[in-house]
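Here the structure is laid out as structure tokens; the discussion comes afterwards.
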Amino acid sequence: MSIPSDSQLHDLAHALGLRLREARDRLVTAESCTGGWIAKAVTDIAGSSDWFDCGMAAYSYEAKQALLGVQPQTLEVHGAVSRETVIEMVSGALVHSGASVAVAVTGIAGPGGGTADKPVGSVWIAWKRRGGYPHAELFQFDGDRDAVRRQTVEAALRGLETL
């Protein structure tokens with residue numbers, strides 16, 4: 001996968017905004033490894049207040065629990081970078097917002113923090129529509145911290161196209 005440029009991320013966010021506005025949907029983001037970059041990408045679009053509700057950057061276990069309702073047991077048993085955690089994040093984002101669609105990301109952007117089971121570049125992304133079921137996918141991105149985060153933002157925005 002190639003590393004998306006700022007222009008490519010802008011174009012994806014713009015196209016997403018047009019679709020969300022037309023459908024009268026509002027977006028919420030729940031971000032760990034991207035630290036709010038998805039929210040930044042969408043709010044870089046003029047008029048995003050029509051379709052963007054809010055973004056939550058929840059890095060710590062405590063923030064994931066307080067802001068998104070992730071259960072302590074989920075974090076203890078599965079860790080922050082897991083299917084279980086990202087599903088609780090995306091569901092919690094909808095519970096704690098007025099949005100109709102959500103995306104959540106959690107991963108290991110590097111350069112440290114990777115393990116044999118969860119190497120640097122491992123990122124879980126989940127998408128969900130209010131009242132629907134979450135879809136979660138594990139990605140393995142290559143490159144440095146910036147590259148992993150850029151690829152995560154791109155994959156998150158692309159996944160919203162299917163909701």
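Taken together, the values in this text are just the output of simple stated rules run on the coordinates, not laboratory data. Owing to the predicted nature of the structure, the values given are computational and were not obtained by experimental measurement. Every residue, glycine as well, gets a Cβ built from its backbone with ideal geometry; the counts of neighbours run over all protein chains shown.
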>> Please compute the length gained on full extension between Glu62 and Thr162, using 0.36 nm multiplied by the number of residues separating them and subtracting their Cα-Cα distance.
In response: 32.9 nm
> Size of the dipole of the chain about the Cα centre, Lys and Arg at +1 and Asp and Glu at -1 on the beta carbon, nothing else charged, in debye to 20?
Replying inline: 320
> Between Glu137 and Ser5, what length in nm is gained on full extension when 0.36 nm per residue of separation is reduced by their alpha carbon distance?
Replying inline: 45.3 nm
> Between Val95 and Cys54, what length comes free when the chain is fully extended (0.36 nm per residue of separation minus the Cα-Cα distance, one decimal in nm)?
Replying inline: 13.5 nm
> Taking the Cα atoms of the chain, what is the range of coordinates along each of the three principal axes, in descending order and whole Å?
Replying inline: 43, 33, 22
>> I'd like the distance separating the alpha-carbon centroids of segment 111-163 and segment 65-96, in whole Å.
In response: 15
>> If packing is taken as the average count of other Cβ atoms within 10 Å, what order do 156-162, 36-42 fall into, highest mean first?
In response: 36-42, 156-162
> Can you give the convex hull volume per residue for the Cα atoms of segment 78-163, as a whole number of Å³?
Replying inline: 88
